[in-house]
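First the structure, in the form of structure tokens, and then the observations on it.
The values are calculated or read from the model by the stated rules, or taken from the named source; none is laboratory data. Note that the coordinates shown come from a computational prediction; the quantities given were computed from them, not determined experimentally. Heads up, the Cβs are rebuilt from the backbone with ideal geometry, glycines too, and the neighbour counts pull from every protein chain shown. For accessibility, only protein heavy atoms count, side chains too; no ligands or nucleic acids. Shrake-Rupley method; radii C 1.70, N 1.55, O 1.52, S 1.80 Å.
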Amino acid sequence: MGEIDTHLSLSVLRLIVFLVALLGNSLILFVVLRSRRLRKNSSNLLLAQLAFADLFLGLAAGTRGTSNIIFASLGMTEYDKALCLYLGMPTNFGIHISQTTVLAISLDRFLCVKFPILYRRVESVKFAAIRFLVCLSYSVAGVAGAYIGVNLDSQKIPVCSSGVVMTSWYLVYFQVFSTVFSMLIYVFYATIYILFKRQTQNSFGNSQRTLFVTMTAILVSYFLLFGLPTTVNTVTGFLKAPKSFTNYLSAFTGFLSTLTSVANIFIYGWKHPEVRRHLKATFRMKTVTVVEPLTRTKTRDLSEIESRF
């Protein structure tokens, strides 16, 4: 696995992912937090929270790609345990905060569809802040667990992977965490989809229906790039597949998980027209189109629109 994971082409791809994730997710955060219209909706703040999580997954790709290139240039074949554990921290934190945020997205949609009156009462910036702190606290605790009982002796390891250094109990926890959260997310969303389709066409406003479509696209991306590969990796390990196959699969799965950090950027621009309009305005496009009551459409300067909120 070491030779596959440290190949130069894979390291270069990781650096490209890092640059796109850094620029794209920083722009999403800037747009959402800058706009009063976007900021007042707690669901939009969830998208900003996911962009924050994707920043760390992008950082993980950059850290891994840069360290592999440096190690190769120095001709290193053995690595310090503590260094490899610390290099894996952005990946570990990114997966934790991303998983908890996607689960929070599922819960947000469930409340909106099943308990719309309650949802309108609790939806606020304060609620979004509390939700973020819960996700952040769990993620920090989850990452801290990787350092409990770990043996950081002077013995070198042949592959610089945090998984090689982590304790067996933590590896079991991480596998259970990833699998259980993935299952909860999709069970929740299957229920939400059924409930949503049963509602009348007039039960939700256009903004809520747009958010539903956007978050569905995010969850589909999450399933294809993280949930499904992780499940396949777990099953092949349980079935004791040939080591050469599992090594390639692990490297491929690890790279796919980093792609989630850039996929959501394009989903926002594709499926979320409000975010798309503000992104265009950020790139010095002076006018954006707003649909006013009675379906009348007008074109206004962004500063004029913001002043109304």
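Some points to look at:
- Using R0 = 41 Å, the C-beta based FRET efficiency linking Thr66 and Arg36 works out to 0.60.
- Residue list for segment 157-198, given a label point 7 angstrom along the Cα-to-Cβ vector of Val122 and an amide N cut-off under 19 Å: 184-193, 195-196
- A simple charge model with +1 on the Cβ of Lys and Arg, -1 on the Cβ of Asp and Glu and nothing else charged puts the dipole of segment 104-181 at about 420 debye relative to its Cα centre.
- Segment 50-96 - accessible surface per residue (Å², probe 1.4 Å): 39 Å²
- Here the calculated FRET efficiency for Ser9 and Leu83, from their Cβ-Cβ distance with R0 = 22 Å, stands at 0.40, rounded to the nearest 0.05.
- Accessible-area order (highest first, 1.4 angstrom probe) of the listed residues Lys240, Lys81, Lys114: Lys240, Lys114, Lys81
- Heavy-atom accessible surface of segment 21-119: percent carbon and sulfur, 1.4 Å: 71 percent
- Amide H contacts of Tyr79 (H built 1.01 Å from N, under 5 Å, at least 5 apart or other chain): Ile157
- 3J(HN,Hα) couplings calculated from phi for segment 66-76 with the Karplus curve 6.51 cos²θ - 1.76 cosθ + 1.60 (θ = phi - 60°) are, in sequence order, 5, 5, 5, 5, 5, 4, 5, 5, 8, x, 6 Hz; Gly and Pro show x.
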